[in-house]
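Beneath this line is the structure, given in structure tokens, with notes to follow.
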């Protein structure tokens, strides 16, 4: 046990909160009698300005090297007192706060009992603080530039906001144009305004923004590094850099693939969605019958002008089927009800006499405007049928929809069927997840770090998710989430400011590590890598969050958590039990 | 004799959920038996099963490990690892003829002050019935 330390113990009365419940005189007397303690003081309210001044002066006057404060929960004032220690000239980690308020004074009525327990807590804290090690703040340089993968509405929105914050943005788009699937929409629900107004304006803004470098026909092939310091490789076959391509130029590089290397501080994944492959649901007859369309096909047909059957005649009846594949994928895709209502409006405005029927399992029309849109659509003589177990048959060009769900309802005859099918993760989500080391949920969408506390970050610090890549959502929600991502990046990486790293990280002793790589398996943050030459595991302190899972799993005792070392915890436990 | 017995329970509480739940129990002035000595850890997955065994050898009558509910771990999936290690530890206890009731794993969130108080109360009652940890007398270190 380290012996030459000078320990000071400060007991806070917290006004009457602790003083009324604990016999502080007795505590001070008992703790003073311990051989290892130099100073024991009490104070009315240590977190007050007066209290902090008192603490600082006492530390300096007595030249203390270790501090224990018995007061409230660390959640309340651990940082406060650590700062006092720092200002008094001692390392803030040579300090231990023990919680004698929330987990002692306030839960025990018996004063004697509470006093005994306070003494026990303080003894354990004294023992622990003796084994504390000085820890230093670490900082790294951070690159403020951002890589945005996916040029759909989410990627565009994030890029624009980031660029307006004076960040260089590299926007990588797989297809030939930015704008994503939204480009194909004629109108937007619920206001039925033309989509082109919104999307073309955004695309123009992106193209004219000096801070945004767009690469179409390009795909990210590798991302290495960590928050503030990523290096990404991008394969591109675009040839827009050549203004007037001569034959020679095209021969030389125009059509050849080029590899770009980009250095960025953060990565935004906005890779959008796919639609469920309807071949998997043969009961709907897609691909088999002529006039069964997917939602995107119908959207396109409408945008191109006329709503017609395959034989060129206008339809008399159209059925729109909701919830296609919902059971199969196991989630509601959130937007299908709304765009199905939009389709009804398309149809009614072009072909007012056509009978439109909606077949749904459950209607999802949440929020402050959607219910009204539903009611307005219904007023246009649009039929809504609750239906289950749908099966479509055809005879002589007439489609028949057999269904259950509403009793005593006959099968529905119709000319055209539109299938509003489930939104699924984009087809390359798996590849991307592997490349970026981020996780996918059971349904294949990327998983946020925490659904409520950290909804746009991922388990990999510096990699963010937005739009339908994170889960099915409408355009407004995609933009909201994209702007949240931009806000998160703008506030976490500030040009010229270094990044402060977690101090209480794990470390692995090179001498003790047997190279089993168990820690590497359990780490959720990819913060541990295996050094092939030394045959040991090494912690990347930039990525480590300090949970200590690797330490709990290490069979050789090589891994250790700073400030939660095995010795520190062991000593605390043993002393508490004495 | 058993009636006078006041058990000592070591409680490893994860900093984000269960320790905060214990704080909430205090803030709500819920009264529960002063049997548990809290040890704050960053995540329940930091709790090496050796800590639990050591606590027994040093005289604890029971050990409680508490963390975030499954799916709510602040560190994504630490508590799943805790659960697995706990299942193994329970098997070890049974194999060695030790009372596996003396170890308990509970999920207590930061908003579950009443649940925290309830868990400690129930567990204390249970350990009271079991009596003092026999390992205290049998093993000398």
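What does the average come to when, for each residue of peptide A:537-546, you count the partner chain Cβ atoms lying within 10 Å of its Cβ?
Details: counts 0, 0, 0, 0, 0, 0, 0, 0, 6, 4.
The per-residue average across the peptide is 1.
Listing A:213, A:299, A:207 from the residue with the fewest other Cβ atoms within 10 Å to the one with the most, what is the order?
Values: A:213 16, A:299 22, A:207 10.
Ascending Cβ contact count within 10 Å gives the list A:207, A:213, A:299.
Order these by the 10 Å Cβ neighbour count, fewest first: A:545, A:334, B:29.
Working: A:545 22, A:334 16, B:29 12.
Neighbour counts put them in this order, fewest first: B:29, A:334, A:545.
Does a label point 7 Å from the Cα of residue A:238, set along Cα-to-beta-carbon, have any residues of region A:135-179 with amide nitrogen under 13 Å, and which are they?
Answer for this model: A:148-152, A:156, A:169-179.
Report the Cα centroid-to-centroid distance between region A:370-419 and region A:21-52 in angstrom, as an integer.
First find each Cα centre; the distance between them is then 76 Å.
From Cα pairs below 8 angstrom and at least 6 apart in sequence, can you work out the relative contact order of chain B, rounded to a whole percent?
Numbers: 234 pairs, mean separation 54.1, N = 141.
So the answer I get is 38 percent.
Take peptide B:60-66, look around each residue's Cβ out to 10 angstrom, count Cβ atoms belonging to other protein chains, and average those counts. Walk me through the numbers before you get to the answer.
Working: counts 3, 1, 0, 1, 0, 0, 0.
Mean shielding by partner chains, rounded to a whole number: 1.
Under the 0.36 nm per residue contour assumption, what length would be gained going from the current alpha-carbon distance of residue A:136 and residue A:443 to full extension?
Values: separation 307, 0.36 × 307 = 110.52 nm, distance 4.22 nm.
Gain on extension, residue A:136 to residue A:443, equals 106.3 nm.
What relative contact order, as a whole-number percentage, does region A:457-538 give when Cα pairs under 8 Å and 6 or more residues apart are counted?
On the way: 60 pairs, mean separation 19.1, N = 82.
Across region A:457-538, relative contact order equals 23 percent.
In deg cm²/dmol, rounded to 500, what helix-only [θ] at 222 nm does chain A give when every DSSP H run of at least 4 residues adds -39500 (n - 2.57) and the total is split over its residues?
Working: 16 runs with 176 residues, N = 578.
Taking each H run of at least 4 residues, the total per residue is -9000 deg cm²/dmol.
Could you work out how far helix A:153-164 tilts from the main Cα principal axis of chain A, as a 0 to 90 degree angle to the nearest 10?
50
Arranged from highest to lowest average of other beta-carbon atoms within 10 Å per residue, in what order do the peptides B:111-119, A:389-397 appear? Could the numbers behind the result be given before it?
Working: B:111-119: 20.0, A:389-397: 13.7.
With the highest mean Cβ count within 10 Å placed first, the list reads B:111-119, A:389-397.
Mean separation of Cα pairs under 8 Å and 6+ residues apart, divided by the residue count of chain A: what relative contact order is that in percent?
Numbers: 1154 pairs, mean separation 78.8, N = 578.
Once divided by the residue count of chain A, the mean separation gives 14 percent.
Obtain the nm distance between the two label points defined at residue A:556 and residue A:328 by a simple spin-label model: each point lies 7 Å from its Cα along the Cα-to-C-beta direction.
That separation, rounded to one decimal, is 5.0 nm.
Multiply the residue separation of residue A:450 and residue A:221 by 0.36 nm, subtract the distance between their alpha-carbon atoms, and state the gained length in nm to one decimal. Each step should come with its number before you reach the end.
Values: separation 229, 0.36 × 229 = 82.44 nm, distance 2.71 nm.
Working it through step by step, the gained length comes to 79.7 nm.
Given 0.36 nm per residue, what is the gain on full extension from residue A:400 to residue A:289 after removing their alpha carbon distance, in nm? Walk me through the numbers before you get to the answer.
Details: separation 111, 0.36 × 111 = 39.96 nm, distance 1.11 nm.
Full extension of this stretch gives 38.9 nm more.
Taking each residue in B:31-44, count the Cβ atoms of any other chain within 10 Å of its Cβ, then average. What number comes out? Intermediate results must be reported in sequence, preceding the final value.
Working: counts 5, 2, 3, 11, 1, 3, 10, 8, 7, 9, 6, 11, 9, 4.
The shielding value for this peptide is 6.
Can you classify chain B as rounded, prolate or oblate using the Cα gyration tensor, where a ≥ b ≥ c are the square roots of its eigenvalues, rounded means a/c under 1.5, and otherwise it's prolate if a/b beats b/c and oblate if not? Write down the numbers at each step before the final one.
Values: a/c = 2.15, a/b = 1.23, b/c = 1.75.
Note, shape of chain B comes out oblate.
Over all pairs of distinct alpha carbons, what does the Kirkwood formula give as the hydrodynamic radius of the protein assembly as shown, in Å? Could you put the intermediate results ahead of the total?
Numbers: mean 1/r = 0.0336 Å⁻¹.
This gives a value of 29.8 Å.
Bear in mind that the values in this text are calculations on the coordinates, not laboratory data. This is a predicted model, so every value here is computed, not measured. Because the Cβ atoms are built from the backbone with ideal geometry, glycine has one as well, and the counts that use them run over all protein chains shown.
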